[in-house]
Amino acid sequence: MTAMQPAVGASTSSDMTINLGPQHPSTHGVLRLMVALDGEYVKSCRPVIGYLHRGLERMMAARPYRQSVPFTDRLDYCASLNSNLAISQAIERIGGMAVPERAQYLRVMLCEMNRIASHLIFFGTYAADIGATTAFLYAFRERERLLDLLEAYTGARLTYNWIRPGGVASDMPEGYAQAVCAFLDGFLKELDAYDTLLTKNPIFRVRTEGVGIISPEKAIAHGASGPVLRGSGVNIDLRRTEPYDAYPRMQFDVPVRTEGDCLARYLVRVEEMRQSARIIRQCLREMPEGEHWGKQPKVFRPAAGEAYSRTESPRGELSIYLVSDGTANPVRVRVRGPSFVHLSMLHELVRGVKVADMIAILGSLDTVLGEVDR
Amino acid sequence: MSGITSFIRGFISILQGMWITLQNLVGRRKITLLYPYQRPDISPRWRGIFYLPYNDEAGRINCVGCTLCAQACPTGVITMTKMGAGKHASVNAFTMDLGRCMFCNLCIEACPFDAIHMSTRFELASLDRGVSLLTIDKLARGGADAVERTKRTIEAALEQEAAAKAAAAAAKAQAAASAQPTEGSGA
Ligand code: SF4
Ligand code: SF4
């Protein structure tokens, strides 16, 4: 029993230890937070993870390279195309495969669509965490239309498995570009309205402004990435600093805010949705004709060695490390996920804040437990 | 003073929010469906429950039992037993355990004979685990009948092949036999 007690510094009899989760709606999945409370103030918080552990890294290592792609769908299931891209890139690097230019554009387009879908989940659930149910429903309505588009392309709504080593599994269906543009036109207008619903709302602002401040030094020290890092004023976006696929040819802004609080992280994500829409438009406009899949070796046995691929997933840096010993299966697959890193900051951020603020801070980190637990 | 300004600001924000919700309430079509009664439009690319298409012309299902799909599957969903041989081969058992399936499409892409497809059927939930175990009778378009016909087609083709082979062998033997006496008489 003592092992289950959270590490509370000076525990007094007025402290109360409660469990938040693993089925609490605010924990966004199966996360359990063991919180020691002094009245309404959090004295310490210990996340207990592993409820969703499936041993994905090992499962991927036990299979031929190309069969590991569908498992990455189950990492960050809110943005599985981005995870597909990370593993595909690692496999391409280790096997020296080339990706045709059209496939690069298709990949970027799919990833950005998935980024919008993922940020919409954040937008909706974050609003719900703060207590604004309307915005939640609106965000999921927009996401639904986006998922319809992804369904028309890939045939799935959540676990796509459509970006593969060497390209993309299929080309766009007919009339797809028009459908996507039509969606984006409507979506951007709606997004402004939804954003007004939250950012102009004094309650939302009071709940988020100045709450959960992460200084740039702390963000870097913890290895934060993505919107959490950029919300703290550090301008690092792997799509810009280490561009891959068609990103070097894309024009987009990387939103950065210096406040480092929950509101800053929220605003960065909302602005990223607008930038993603810009990137998708550019992809559709500039996409060259050609193959959607490069030449594939029949038997894939990369030479012994290692490869590391870094990608910018909606949550931050998602990287995959592969080691090959020259056989058909990798020796080791290692996933470096952003959610895990961000969750490790939580206990520091919530010390001394009120319980309700803890929920706001956890929501602003936007963790996905599928990728934390693997 | 600041209390009054924040009150006014809060009041304005309520009006703003209500204006947006009102616009959404009256101005936008609802996108929810009364599900079991109304059905969604499903993309033709949908990755749903599998089927083995029946080839009317050939009178058989396309599958030749090459096991490439089973090898491509990351989770070992597919098992099969082959029947026939050589050019006339198919399967008499082909089982997919959908409880393990990720609907990842890899098996479909692996098949060189276009013999396994995914349909737009998506309703997998059931109270009985056995339902997710799809045997060949459930997988083949046309059901047990199609499987039976495939079996007959293959058997007939094999018989025909055997007969043709026997006839060829007999003809060869006859030719050899008829050649012998000629040779003998010639000597
Ligand atoms: S869809 Fe994927 S998991 Fe399912 S049977 Fe095919 S290869 Fe196996
Ligand atoms: S379905 Fe296709 S890949 Fe699978 S055994 Fe039949 S012919 Fe071969």
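The values are calculated or read from the model by the stated rules, or taken from the named source; none is laboratory data. The structure displayed is predicted, hence computed values, not measured ones. Positions of Cβ are backbone-derived with ideal geometry, glycine not excepted, and every protein chain shown enters the neighbour counts.
Applying a threshold of 8 Å to beta carbon distances and a minimum spacing of six or more residues, or different chains, the list of pairs starting in the stretch B:75-102 at a residue that is away from chain A (no Cβ under 14 Å) and of a type in the set (Asp, Glu) and ending at one that is more than 8 Å from ligand 1 (Cβ to nearest atom) and outside any strand (DSSP E or B) reads B:Asp97/B:Ser132. Look through the stretch B:7-48, keep the residues that are at the interface with another protein chain (Cβ under 7 Å from one of its Cβ atoms) and of a type in the set (S, T, N, Q), and return whichever of them is farthest from A:Ala152 (Cα to Cα). Looking at the filtered set, the residue picked out is B:Ser13. For the stretch A:76-122, filtering for residues that are modelled with pLDDT under 90 and farther than 29 Å from A:Pro302 by Cβ leaves 1. Based on what the data block shows, is A:Thr199 β-branched (Val, Ile, Thr), closer than 25 Å to B:Arg9 by Cβ, touching a residue at least 24 places away in the same chain (Cβ under 8 Å) and crowded, with 23+ Cβ neighbours inside 10 Å? No. Inside the stretch A:156-171, can you point out the residues that are touching a strand residue (DSSP E or B) at 6+ places or on another chain (Cβ under 7 Å) and within 9 Å of chain B (Cβ to nearest Cβ)? Matches in the stretch A:156-171: A:Trp162 only. With respect to the conditions (1) more than 9 Å from chain B (Cβ to nearest Cβ); (2) within 27 Å of A:Glu286 (Cα to Cα); (3) touching a residue at least 40 places away in the same chain (Cβ under 8 Å); (4) not in a helix (DSSP H, G or I), A:Glu174 falls short on a single one, namely (3). Tell me yes or no: at least one residue of the stretch A:323-332 is outside any loop (DSSP other than H, G, I, E, B), buried (at least 20 other Cβ atoms within 10 Å of the Cβ) and within 25 Å of the chain's Cα centre (by Cα). No: zero hits. Of all the residues in the stretch B:72-93, those that are closer than 19 Å to B:Leu158 by Cβ, within 16 Å of ligand 1 (Cβ to nearest atom) and surrounded by 17 or more Cβ atoms within 10 Å (Cβ to Cβ) number 2. Quickly run through the stretch A:204-228 and pick out the residues that are within 13 Å of chain B (Cβ to nearest Cβ), within 22 Å of A:His119 (Cβ to Cβ) and hydrophobic (A, V, I, L, M, F, W, C). Residue satisfying the conditions is A:Phe204 alone. Of the helices (runs of 4 or more DSSP H) contained entirely in the stretch A:42-150, those carrying at least 3 residues that are in contact (Cβ under 8 Å) with a residue 24 or more places away in the chain, away from chain B (no Cβ under 14 Å) and closer than 28 Å to A:Ile18 by Cβ fall at A:101-130.
Checked against (1) at pLDDT 85 or above; (2) within 27 Å of B:Thr21 (Cβ to Cβ); (3) in contact with a Gly (Cβ under 8 Å, 6 or more places away or on another chain); (4) not small (Gly, Ala, Ser), A:Asp185 passes all but condition (3). Just to be sure, is A:Gly212 surrounded by fewer than 21 Cβ atoms within 10 Å (Cβ to Cβ) and not aliphatic (A, V, I, L, M)? Against the criterion (surrounded by fewer than 21 Cβ atoms within 10 Å (Cβ to Cβ) and not aliphatic (A, V, I, L, M)), A:Gly212 does not qualify. The single condition from (1) assigned to a loop (DSSP other than H, G, I, E, B); (2) modelled with pLDDT of 90 or more that A:Pro302 fails is (2). The sole residue among A:Gly326, A:Gly337 that is modelled with pLDDT under 90 and closer than 17 Å to A:Arg58 by Cα is A:Gly337.
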